[in-house]
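Read the structure below first, then the notes.
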Amino acid sequence: MRIVLGVLEPDDGAVRWKGRPLDAPARARFGYMPEERGLYPKMRVADQLVHFARLHGIGATEAHAATARWLERLGLGEVADRRTETLSLGNQQRAQLGAALVHDPELLVLDEPFSGLDPVGVDVLSEILRERARAGVPVVFSSHQLELVERLCDAVAIVRAGRVVASGRVADLRARRGGRRWRIAVEGAREDWVASVPSVLVAHVDDGAVVVELEEGADEQALLDAARRAGRVRRFTPEEPTLAQLFREVVA
Amino acid sequence: MPAIALVARREIVERLRERSLWVSTGITVAVLAGVLVLPAALGFGGATKGTVAVSGPQAAAAARQAVAQQRAFDVELTIRRVSDDATARRLVRDGDADLAVLAGGRALFAAQDADDSVVSAVQGGSQAARGGRLPPPLPVVTEGGSSASDRQGIAFVAVVILYGQLLGYGFWVATGVVEEKSTRVVELLLSAIRPRQLLAGKVIGIGLLGLGQLILIGLCGVIIGAASGQLDVNGDVVAAVAVVMLWFLLGFALYSCAFAVAGALVPRQEEIQAVTAPLTILILASFFLSFGALDDPSSTLARVLSLIPPSAPMVMPVRLIAGNVPAWEVVLSIALTVAAAAGLIALAARVYGAAVLRTGSRVTLRAVWRATAEQAPAGRRA
């Protein structure tokens, strides 16, 4: 993210935007929320947003209008004239978001935007991000709140030690990892019936059913046959992993 | 509005809101008023000092008699023996003497605002030397300009104010840089503008603020001085104010970028003192060295120190106000200071961007320099 915003020099490679190497004027149209939060502590919230909007090349009148609009939207209208340091941490976080959004950026890059927000703030931000994306603005953000990511994102990339270890649309990722995991409920079976199936790698009991993972390329029909031998099969469904499970698997 | 102007504007607007700026301005004006008004009001200062230039034995005799009875006139005279009348006149014109005894003791040549008691003492000395029953007083020719001691006083006040402004505003640059670094706002700033724009805007904004404060202080000083009758507002005073302004700008250009780089090297406000210590010492040393120039503006040491950059911004103004400086020395001094400032600005532009983003612990100038040297061939450094 820092390399995209030009704060860090790449060791290797290049950043391209709309097919061209990224330059400063194009970068000025980006909105950024750094992981290390920071605003001028003694500056008034509204002055701060106006300043950042203008640094991004917005004219004075428009900067004031946009600031008023975003402060209202972020619920900071009442504290607009207070010094930033006197705000609660949650409100400082909202002001930080304002600084990333106020110049109506063409791309949003947000490093852990949800951390430190109360549930209401999370809802407000989620709605803003969805709305920006609908308006055609690519939104890139990092987060460890994977349920939120699952709900919001079209595509994810999982990074381990600086390398992308999995990436793609959330549904594709889940489906790709699925197919080898099955949830089976068998009535009247002995608890260890699964142990006799040779292609089962791992299995655990979950909510009255068994969740098993088969070897690569194994035939799930053999598993179904084994289940039917063990008792009455009430349920046999492919188990798609949650993003959190996917994350654990690829990062472990 | 370009980014540099926006950054400069923020510095000025935000700092004008800080009470500390107004308090410091008030204190400086109060101290200035004290220096101008108090000594006279309280009768301090003791005997009035005066320098008398003499040539020839008769003139010297008059001066000796004047010294002999100087206590009666509450003056303290310094006699400078010179070879001829022309030299004696020049000393007065240059402000190095208040009074000259000319034509073998038959005429006096006084600086326009030479103290009356000094003139009276020398008149008395001359009468005593010529003997007889009270010969008529000598004709006095006056010469425009301030007396040497007045000019010394103005130069002293000027260098104290210059010292305060250069150190204070240099320090403000350093704390401003560290504030942006320690609050991490710098990362957000540098995602929008280049390090050079941020550095230039900050230095220009704070520098303009310093100049504005200087103008305000100068104006207050002149008004208080004139109102109290302690300061004869003439061309010398106006020139002195102009000299201080000019050398504040030159000195600030020289020191401020160094303060900015120093600030960029440390992560916390607490470490500013340590990292700026070499700069503080340099400015303090220049300040004390300028006192030598106050006593003798034409000494070799004063001349050398007024030419070379670290000390020039404080020694040259003292020489300009207290004495007479050849034009070529002024030009050379300004040229050297501007060249040194340009070099420092280039250095600062190169290392500031690399240093200011290294948060966490203090970095060394050498490490930052090396890092920028490695990245330089890749180009595209902002």
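A compact table of results
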item	result
Residue in region A:123-142 that is surrounded by 14 or more Cβ atoms within 10 Å (Cβ to Cβ) and closer than 30 Å to A:V205 by Cβ present	no
Pair list, Cβ < 6 Å and 6+ apart or interchain, from region B:326-339 residues that are within 15 Å of B:P297 (Cβ to Cβ) to residues that are surrounded by 11 or more Cβ atoms within 10 Å (Cβ to Cβ) and of a type in the set (S, T, Y)	B:S333/B:S306
Qualifying residue in region A:37-49 (condition: over 18 Å from A:L101 (Cβ atoms) and under 25 Å from the mean Cα position of the chain (by Cα))	no
Odd one out for B:Q152, checked against (1) modelled with pLDDT of 90 or more; (2) more than 14 Å from every other protein chain (Cβ to nearest Cβ)	(1)
Any hit, region B:223-240, residues being within 25 Å of B:A342 (Cβ to Cβ) and touching a residue at least 12 places away in the same chain (Cβ under 8 Å)	no
Test: residue in region A:80-88 that is within 14 Å of another protein chain (Cβ to nearest Cβ), surrounded by 14 or more Cβ atoms within 10 Å (Cβ to Cβ) and assigned to a loop (DSSP other than H, G, I, E, B)	yes
Matching residues in region A:206-244 - criterion: being part of a helix (DSSP H, G or I) and more than 30 Å from A:E147 (Cβ to Cβ)	A:Q221, A:A222, A:L224, A:D225, A:A226, A:A227, A:R228, A:R229, A:A230
Subset of region B:328-382 (residues that are part of a helix (DSSP H, G or I), modelled with pLDDT under 75 and hydrophobic (A, V, I, L, M, F, W, C))	B:A371, B:A373, B:A376, B:A378
Residue satisfying all of: in region B:169-199; aliphatic (A, V, I, L, M) and at the interface with chain A (Cβ under 9 Å from one of its Cβ atoms); farthest from B:A274 (Cα to Cα) among these	B:A192
Hits in region A:1-13 (condition: more than 24 Å from the chain's Cα centre (by Cα) and more than 9 Å from every other protein chain (Cβ to nearest Cβ))	A:D11, A:D12, A:G13
Scope region B:309-342; condition among the β-branched types (V, I, T), more than 17 Å from B:A242 (Cα to Cα) and within 15 Å of the chain's Cα centre (by Cα); matching residues	B:T337
Filter pass, A:R20 being surrounded by fewer than 16 Cβ atoms within 10 Å (Cβ to Cβ) and not acidic (D, E)	yes
Any hit, region B:291-307, residues being more than 14 Å from chain A (Cβ to nearest Cβ) and within 30 Å of B:L189 (Cα to Cα)	no
Residue identified as touching a residue at least 40 places away in the same chain (Cβ under 8 Å) and not charged (D, E, K, R) among A:L125, A:L108, A:L117	A:L108
Complete set of residues in region A:24-58 that are within 9 Å of another protein chain (Cβ to nearest Cβ), in a loop (DSSP other than H, G, I, E, B) and over 22 Å from A:E85 (Cα atoms)	A:A28, A:H56, A:G57
Any chance A:A203 is touching a helix residue (DSSP H, G or I) at 6+ places or on another chain (Cβ under 6 Å), part of a strand (DSSP E or B) and at negative phi	yes
Unmet criterion (only one of (1) buried (at least 17 other Cβ atoms within 10 Å of the Cβ); (2) at pLDDT 90 or above; (3) away from chain A (no Cβ under 14 Å)) for B:G205	(3)
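The values are calculated or read from the model by the stated rules, or taken from the named source; none is laboratory data. Everything numeric in this text was worked out from a predicted model, so none of it was measured. No Cβ is skipped: glycine too gets one built from the backbone with ideal geometry, and neighbour counts run over all protein chains shown.
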